[in-house]
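Structure, as structure tokens:
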Amino acid sequence: MIRIASIILVAALALATPTTAQTADLAGTWNMSVDVNGNVTTPTLTLTQAADTLSGTYQSETLGRAQVRGTVSGNDFTVRFNAEMQGQPIPVTYAGTLQEDGTLSGTIELAGGQISGTFTAKREDGVGG
């Protein structure tokens with residue numbers, strides 16, 4: 001009888017213990033395809049990750065090179081940086097999700113949402129995709 005009660009108690013504790021979503025591993029170099037109003041560019045995003053914090057470098061012909069900062073929660077992430085266009089600083093935000101096939105997809109917003117588009121990305125080394 002005590003053994004059955006112990007098994008039930010262990011099972012109940014296991015069910016009551018909250019589970020946390022595993023944070024996606026986004027570290028690496030990502031080759032992107034970005035579509036803003038039908039104009040497609042192919043920037044590169046190189047990320048390092050410490051727990052849920054992202055940092056790294058963004059490089060594109062359109063927006064140049066910039067240091068990025070971001071966060072990841074589960075499979076969702078946000079990366080932000082400031083670009084310069086025509087001598088003016090412009091905030092850029094990428095928000096997306098790590099997909100089951102290991103690719104990234106999501107949206108890009110420039111200038112506080114005045115310009116927006118979509119993106120996909122594949123890890124350069126092929127990990128996860």
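The values are calculated or read from the model by the stated rules, or taken from the named source; none is laboratory data. The shown structure was predicted, so the numbers you read here are calculated from the model rather than taken from an experiment. Here the Cβ positions follow ideal geometry from the backbone for every residue, glycine too, while neighbour counts run over all protein chains shown.
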Picking from Gln86, Gln22, which residue would you name as being surrounded by fewer than 14 Cβ atoms within 10 Å (Cβ to Cβ), at pLDDT below 95 and closer than 19 Å to Thr103 by Cβ?
Gln22
Criterion first (without any contact (Cβ under 8 Å) to a residue 40 or more places away in the chain, on the phi > 0 side of the Ramachandran plot and either in contact with a His (Cβ under 8 Å, 6 or more places away or on another chain) or surrounded by 13 or more Cβ atoms within 10 Å (Cβ to Cβ) (or both)) does Gly102 satisfy it?
yes
Determine if region 41-53 includes at least one residue that is among the small types (Gly, Ala, Ser) and more than 19 Å from Thr118 (Cα to Cα).
yes
Some residue of region 108-117 being more than 30 Å from Gln22 (Cβ to Cβ), touching a residue at least 12 places away in the same chain (Cβ under 8 Å) and small (Gly, Ala, Ser):
yes
Check Glu100, Glu109 and return the single one that is of a type in the set (Asp, Glu) and part of a strand (DSSP E or B).
Glu109
How many residues does region 45-65 contain that are under 15 Å from Thr23 (Cα atoms) and of a type in the set (A, V, I, L, M)?
4
Show the residue pairs meeting these rules: Cβ distance below 8 Å; 6+ apart or different chains; first residue within region 63-78 and within 24 Å of Gln99 (Cβ to Cβ) and buried (at least 18 other Cβ atoms within 10 Å of the Cβ); second residue polar (S, T, N, Q) and at pLDDT below 95.
Val72/Thr23
